[in-house]
Each structure stands twice: as structure tokens, then as C-alpha cells.
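Colleague: There's a structure below that I have some questions on.
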Amino acid sequence: MIPQNMGSETNIKLPFSFILFSIIAIVGSQIILLFQGEALLNGSFRIPAIWSAAHLFILGWALMIAMGAMYQLVPVAFLTPIWNEKLGFIQFTVTAVGIVWFAITLYAAPQSALIPGIVMLLGILMFLLQMWMTLRKQAKPNILTLFVGTALICLFLTILIGITMVVSMRTGFAKDHYSFLFHSHLLLGTAGWFTLLIFGFSYKMAPMFSLAHGFAMKLAGYVYSFYMSGLVFMVGSFALDQPLLLKGGLLFLLIGFSLFAYHVYTIIQKRIKKKLDRPFGFALLAIIFGEVIHLLAFLAALSNHFTSFIGPLMVAYLMLWIAFSIIGYLYKIVPFLWWTHKYSKVIGKKEVPSLKDMMNEKIALPLFIAFTIGVLAVSIGLVLKISILFYIGQSIVTLAAVIFGAVIMSVMKK
Amino acid sequence: MNLQEQVALIEKIRTNLKRVYDPELNINVVDLGLIYDISLLEDRIAAITMTLTTPGCPLHDSIVSGVRYCVEEMEEIDEVDVQLVWEPAWTPERMTEDGLRAIGR
């Protein structure tokens, strides 16, 4: 038995602040990408405008959503209230200002990105402190703590390496290791931070949304071990420039991801809820996309074509695995937040809507199809250098981002 | 209150609790099998032992306060003591026929 009131509910203004900011960021980033088609088609991924769009998308959208969602999910998954909500609001303001300033500076004057980068870093460090203090209060740490804790460490390393890169650009410090820093930054920011975070929370949310019971968690340990080994091998390959280590790393990542996909499948098999909600189905579909992308990355390395495919594969990884998972789960989290805000006090007193009634589910299918088609068109357009395909794809993704934002905002009218 | 009246009141409480829905599953707490026990401590004081489908259910506070309100507003009851427990853990076997039907089983 546990105490009656765990005080586990977070003030919804906190996660909502992050979510609303992120909607503006995703639309902004997609518009910038749309206008940078020529550079992307020429394979010029490392130009200021692309850096700006990439950071606005990854930091302004995905990271801000992940942080907002964690303010709501950590108390749920770890039965521990957020350490300091006031710090949460301060952290939001500092990070939001830092990200916008950083994105603008990257676009206009990348060599001056150090100070906005530090402001952003400060915001993220405040978040890491918040999570560290919250997680250490958890009574019984479990495998989810390991996934989420490691993801947070990866986030810290990603930011640290990012700042080192900015210093390197300004001062020439560690310029001989720039390639190592750049690749490690990308790997730890995507496969380290986001993937481990999605793995961790999926283990809580997949059974919760499917009402699964009586499943084993043993596989999660193997998922963690293989995926972590993959990350370590990959970083090693960047440091030593060893193709064999790269192949080994990608193989371990593939095995880890495959085990995760299989594990989620076994959990879903144990579900009581016969019909799964569509948005949750899309979060599951993201796992299939992630599996295919890991497989393609490994095959590309095996056939020594990794360098030519890594750009489009990264786009697909970000959009079809990370973004799809986030959007799928967001479709569940946002209605819950608003419902709690508006109806938790009147449950039992009068008729209240179900969570399903809070968000337009009918639009979910066309929206996800549009995202998929758009991202595939962008990726294929980039690989085959077909500009019309890229522009059509990117326009679809931009439009879908706008509609997605409108759908999220519409919840607040319910 | 004699035994027969007590049993009738407990059943009335159970029926009243069917107004509290889990908004995620859209099934009431009784058919979902969340209510473990309803008893009367005294004539006008009820005690409810209940659980949730998973520890850390995000709807924890909402559902518990809904249960409390639903019983406290009954004219036969002045006070209710709601105990939330995780042992024994909820299992799908606790759902009623109506609950299983609502979930598509």
C-alpha cells in the first residue's frame, strides 16, 4: 500500500509551454528547409541555414517536446513528483530564448553562436539538474530509470560536444578532431538521447495504452546492453576511423533495436484492449520504420556505401522514427493534459468526455500518411537528386506540420 | 441499520460508482474491476478499497477524487474513506462481463 496522494500531477502549464513552443519551432524549421532545397540537393548539409533548421527542428521541436513530455511522464513512470516546478518554468524560458537566439545566430552569423549556445546550454543543464534531482528521489530505480538516465547523460554529452564544436570554430581548438566531434554529436543526440528515451518511456506507455498485463521485462536488459554496445562501438569508430568498428557498431544497434521491436510486440500480444488507438498505432509503426532504417544503415556500411546514404538515412531516422514516435505519443499526452486541467475536478459529478473525444482522431490517418509520403519523397529526392520530388515532399511535410500544430491547439477548445 | 439495509446501501454505492469513468478506456471503475471492497464503518461512514490498472496511472488523482465525490454526495453517507492499494495488483480477470464487452473482448 502506498500513501493516498502521491502528488504526481504536474502543473499543466509547464508541459504545455514546451509543447506550444515546439509547434512554432517545427513549422519554422520546415519552412527554412523548404527554401534550402537547392543546397540540400547538392549535398551541402553543412551550411548555416541547414544548421539553423536542423537545430530548430531537433532542439526547438523534438527536444522541447521531449522535455515538456518528461515533466508530465517522469512523475507517472517513476512515481516521483517533479523536484522543483518553479525551476521548470525558469528553465523553459531560458531554453526557449536560447534556442531561438541560437537558431537565428546560426542562420545569420554562425561564428557568433557561442553566447546563445551557452544560454541554451544553461537551460538544458537546468533541465538535467531537475531530472537528476527528481530521479534520485525515486524509491525503487528500475530498467526504465536506466534507459532514461542514460538518455539524459547522452543529452549532456551531445550538448557538451556541440559547444566544443562552436569553440573549435571560433578558436581552432581541437580542430583536428572536428570530424570525431561532429559525428559523435549527431550519434549521441539521435540514437543516444532520443532513442534511449523513447525506448524507456515506450516500456511504460505501450502497456498502459494497450492495457497489457503479465508480460516479461527480461528482454529490456538485452535491448539496453546491445544498443549501448552499438553506441560505444560507433563512437570508437569515429575516434579511430575504423570501418570494422563502424560495421560492428551498426550491427549492435540493429540487434538492440530488433530486440526492442520484438519485445514491444510481445507486450502488445498480451494486451486486453482489442482495438488499439490510431495514434498509438502510429507510434508502433515508427518502430517498424526505425527497424528498417537500422537495417538499411547496416547494409549500407556492409556494402561500403555508408557515407553516401547517411544523409537521407538521418532524415528518415529523425522523421520516421523519432518524430513519428513523438507525434504518436503526443496525440495521447496532449488530450490527457487538457482533460486533467478541465475535467479532473468534475469526474463523477457530471458527464465528462473521454480522452478519445478530446482530439480529432479522424485527421490522424491522413496526417501520418502525409508525413510518411512527404519524408519518403524528400529522402528519395535527396538520394536521386530529383528536385521536384524533394520540393513536393518538403511542401507536404511543412503543410502536415502546420495541420498537426492546429490539431494540437484545437484540443484547448474542448 | 440491519444487515439487509447495509447490503442494500453497499449495492447502492456500487451502482453510484458506475458514474466514474476511466477516461482513457471509457469504462466505469466498477466494470473495470478497480473497486476491491465497499464496506460501512458506521451507519453513515463508508470505506472503499480500490486500485488502478497500473501504478502511477496519470489519472490517479482524478479517478480517486471522482470516487470520493460520488459516494460523499449520497444522502445516506456523511463521510467516505478511500484507500488506494497496489496489492493485490489489478488484473484483467477483475473486469466484469460488461467491462470486457466494452473493451472489445
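The values are calculated or read from the model by the stated rules, or taken from the named source; none is laboratory data. None of the values given here were measured: they were computed from a predicted structure. Reconstructed Cβ throughout: ideal geometry from the backbone, glycine too, with neighbour counts over all protein chains shown.
Colleague: Just give me the residues in the stretch B:80-102 being more than 10 Å from every other protein chain (Cβ to nearest Cβ) and more than 18 Å from residue B:20 (Cβ to Cβ), in sequence order.
Modeller: B:88, B:97, B:101, listed by residue number.
Colleague: Within the stretch B:54-67, can one find any residue that is on the phi > 0 side of the Ramachandran plot and facing chain A (nearest Cβ under 9 Å)? Show your work before the answer.
Modeller: Residues of the stretch B:54-67 on the phi > 0 side of the Ramachandran plot: B:56.
From the residues that got through so far, the ones that are facing chain A (nearest Cβ under 9 Å) too are B:56.
Yes; the residues of the stretch B:54-67 include at least one that is on the phi > 0 side of the Ramachandran plot and facing chain A (nearest Cβ under 9 Å).
Colleague: Let me ask you something else. Any idea which of (1) of a type outside the set (A, V, I, L, M, F, W, C); (2) in a helix (DSSP H, G or I); (3) touching a helix residue (DSSP H, G or I) at 6+ places or on another chain (Cβ under 7 Å) is the one residue A:138 doesn't satisfy?
Modeller: (2)
Colleague: Just wondering, is there one or more residues in the stretch B:83-90 that are of a type in the set (Phe, Trp, Tyr), surrounded by 15 or more Cβ atoms within 10 Å (Cβ to Cβ) and assigned to a loop (DSSP other than H, G, I, E, B)? Please lay out each step first, then the result.
Modeller: Step one: filter the stretch B:83-90 for residues of a type in the set (Phe, Trp, Tyr), giving B:86, B:90.
Now drop any that are not surrounded by 15 or more Cβ atoms within 10 Å (Cβ to Cβ), which leaves B:90.
Filter once more, keeping what is assigned to a loop (DSSP other than H, G, I, E, B): B:90.
Yes - at least one qualifying residue is present in the stretch B:83-90.
Colleague: Among the residues of the stretch A:343-352, are any surrounded by 16 or more Cβ atoms within 10 Å (Cβ to Cβ), assigned to a helix (DSSP H, G or I) and either more than 14 Å from every other protein chain (Cβ to nearest Cβ) or among the charged types (D, E, K, R) (or both)? It would help to see each step written out before you state the result.
Modeller: To start, the set of residues in the stretch A:343-352 that are surrounded by 16 or more Cβ atoms within 10 Å (Cβ to Cβ) comprises A:343-344, A:347-348, A:352.
Cutting the leftovers down to assigned to a helix (DSSP H, G or I) gives us A:343.
After this cut, where a residue has to be either more than 14 Å from every other protein chain (Cβ to nearest Cβ) or among the charged types (D, E, K, R) (or both) as well, the list is none.
Checked against the condition, which is being surrounded by 16 or more Cβ atoms within 10 Å (Cβ to Cβ), assigned to a helix (DSSP H, G or I) and either more than 14 Å from every other protein chain (Cβ to nearest Cβ) or among the charged types (D, E, K, R) (or both), the stretch A:343-352 yields no hits at all.
Colleague: Looking only at the stretch B:1-15, count every residue that is touching an Asp or Glu at 6+ places or on another chain (Cβ under 8 Å) and either within 21 Å of residue A:347 (Cα to Cα) or small (Gly, Ala, Ser) (or both) and tell me the total.
Modeller: Going through the stretch B:1-15 one residue at a time, the tally reaches 1.
Colleague: Taking residue B:72, is it away from chain A (no Cβ under 11 Å), modelled with pLDDT of 90 or more and surrounded by fewer than 17 Cβ atoms within 10 Å (Cβ to Cβ)?
Modeller: Working: away from chain A (no Cβ under 11 Å): no; modelled with pLDDT of 90 or more: yes; surrounded by fewer than 17 Cβ atoms within 10 Å (Cβ to Cβ): yes.
Criteria not met by residue B:72.
Colleague: With the structure loaded, tell me whether residue A:369 is β-branched (Val, Ile, Thr) and either buried (at least 21 other Cβ atoms within 10 Å of the Cβ) or not in a helix (DSSP H, G or I) (or both) or whether it fails that test. Lay out the reasoning, then the answer.
Modeller: Working: β-branched (Val, Ile, Thr): yes; either buried (at least 21 other Cβ atoms within 10 Å of the Cβ) or not in a helix (DSSP H, G or I) (or both): no.
Taking the combined requirement at face value, the residue does not satisfy it.
Colleague: Scan the stretch A:354-386 residue by residue and report those that are without any contact (Cβ under 8 Å) to a residue 24 or more places away in the chain and under 28 Å from residue B:26 (Cβ atoms).
Modeller: A:354, A:355, A:362, A:366, A:369
Colleague: Being surrounded by fewer than 17 Cβ atoms within 10 Å (Cβ to Cβ), under 14 Å from the mean Cα position of the chain (by Cα) and not in a helix (DSSP H, G or I) is the filter here, so list the residues in the stretch B:1-28 that pass it. Steps first, please.
Modeller: If we filter the stretch B:1-28 for residues that are surrounded by fewer than 17 Cβ atoms within 10 Å (Cβ to Cβ), which is where we start, we get B:1-8, B:10-12, B:14-15, B:18, B:26.
This time we only want the ones that are under 14 Å from the mean Cα position of the chain (by Cα), so: B:10-12, B:14-15, B:18.
Correct list: B:18 only.
Yes/no matrix, rows are residues, columns are (1) at pLDDT below 90; (2) closer than 13 Å to residue A:253 by Cβ:
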{"site": "A:276", "(1), (2)": "yes, no"}
{"site": "A:281", "(1), (2)": "yes, no"}
{"site": "A:284", "(1), (2)": "no, no"}
{"site": "A:290", "(1), (2)": "no, yes"}
{"site": "A:295", "(1), (2)": "no, yes"}
{"site": "A:303", "(1), (2)": "no, no"}
{"site": "A:313", "(1), (2)": "no, yes"}
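This table checks each residue for (1) in contact with a Ser or Thr (Cβ under 6 Å, 6 or more places away or on another chain); (2) at pLDDT 90 or above; (3) part of a helix (DSSP H, G or I).
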| site | (1), (2), (3) |
| --- | --- |
| A:1 | no, no, no |
| A:4 | no, no, no |
| A:16 | no, yes, yes |
| A:21 | no, yes, yes |
| A:26 | no, yes, yes |
| A:30 | yes, yes, yes |
| A:49 | no, no, yes |
| A:52 | no, yes, yes |
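Colleague: Name the single residue that is farthest from the other protein chains (Cβ to nearest Cβ) among those in the stretch A:206-218 being of a type in the set (A, V, I, L, M, F, W, C) and closer than 18 Å to residue B:103 by Cα.
Modeller: Step one: filter the stretch A:206-218 for residues of a type in the set (A, V, I, L, M, F, W, C), giving A:206, A:208-209, A:211-212, A:215-217.
If we keep only those that are closer than 18 Å to residue B:103 by Cα too, we end up with A:206, A:208-209, A:211-212.
Values: A:206: 12, A:208: 6, A:209: 8, A:211: 6, A:212: 10 Å.
If we take residues in the stretch A:206-218 being of a type in the set (A, V, I, L, M, F, W, C) and closer than 18 Å to residue B:103 by Cα, then A:206 is farthest from the other protein chains (Cβ to nearest Cβ).
Colleague: Read through the list (1) free of Cβ contacts under 8 Å to residues at least 40 places away in the same chain; (2) more than 7 Å from chain A (Cβ to nearest Cβ), then give the number of the only condition that residue B:32 fails.
Modeller: For residue B:32, the failing item is (1).
Colleague: Based on this model, can you work out whether residue B:101 counts as out of contact with any strand residue (DSSP E or B) (no Cβ under 8 Å at 6 or more places or on another chain), closer than 22 Å to residue A:210 by Cα and modelled with pLDDT of 90 or more?
Modeller: Values: out of contact with any strand residue (DSSP E or B) (no Cβ under 8 Å at 6 or more places or on another chain): yes; closer than 22 Å to residue A:210 by Cα: yes; modelled with pLDDT of 90 or more: no.
Considered against the rule, which asks whether it is out of contact with any strand residue (DSSP E or B) (no Cβ under 8 Å at 6 or more places or on another chain), closer than 22 Å to residue A:210 by Cα and modelled with pLDDT of 90 or more, residue B:101 comes out as no.
Colleague: I've got another one for you. Taking the residues in the stretch A:69-106 that are aromatic (Phe, Trp, Tyr) and surrounded by 19 or more Cβ atoms within 10 Å (Cβ to Cβ) as candidates, determine which candidate is farthest from the other protein chains (Cβ to nearest Cβ).
Modeller: Here is the first cut: in the stretch A:69-106, the residues aromatic (Phe, Trp, Tyr) are A:71, A:78, A:83, A:89, A:92, A:101-102.
In the following step, the residues that additionally are surrounded by 19 or more Cβ atoms within 10 Å (Cβ to Cβ) were identified as A:71, A:78, A:92, A:102.
Details: A:71: 12, A:78: 7, A:92: 20, A:102: 33 Å.
Ranking the qualifying residues of the stretch A:69-106, first place goes to A:102.
Colleague: Just checking, does the stretch A:209-216 include any residue being of a type outside the set (Val, Ile, Thr) and within 22 Å of the chain's Cα centre (by Cα)? So that I can check it myself, show each step before the final result.
Modeller: Going through the stretch A:209-216, the residues of a type outside the set (Val, Ile, Thr) turn out to be A:209-216.
From what's left, within 22 Å of the chain's Cα centre (by Cα): A:209-210.
Yes: the stretch A:209-216 contains one or more residues that are of a type outside the set (Val, Ile, Thr) and within 22 Å of the chain's Cα centre (by Cα).
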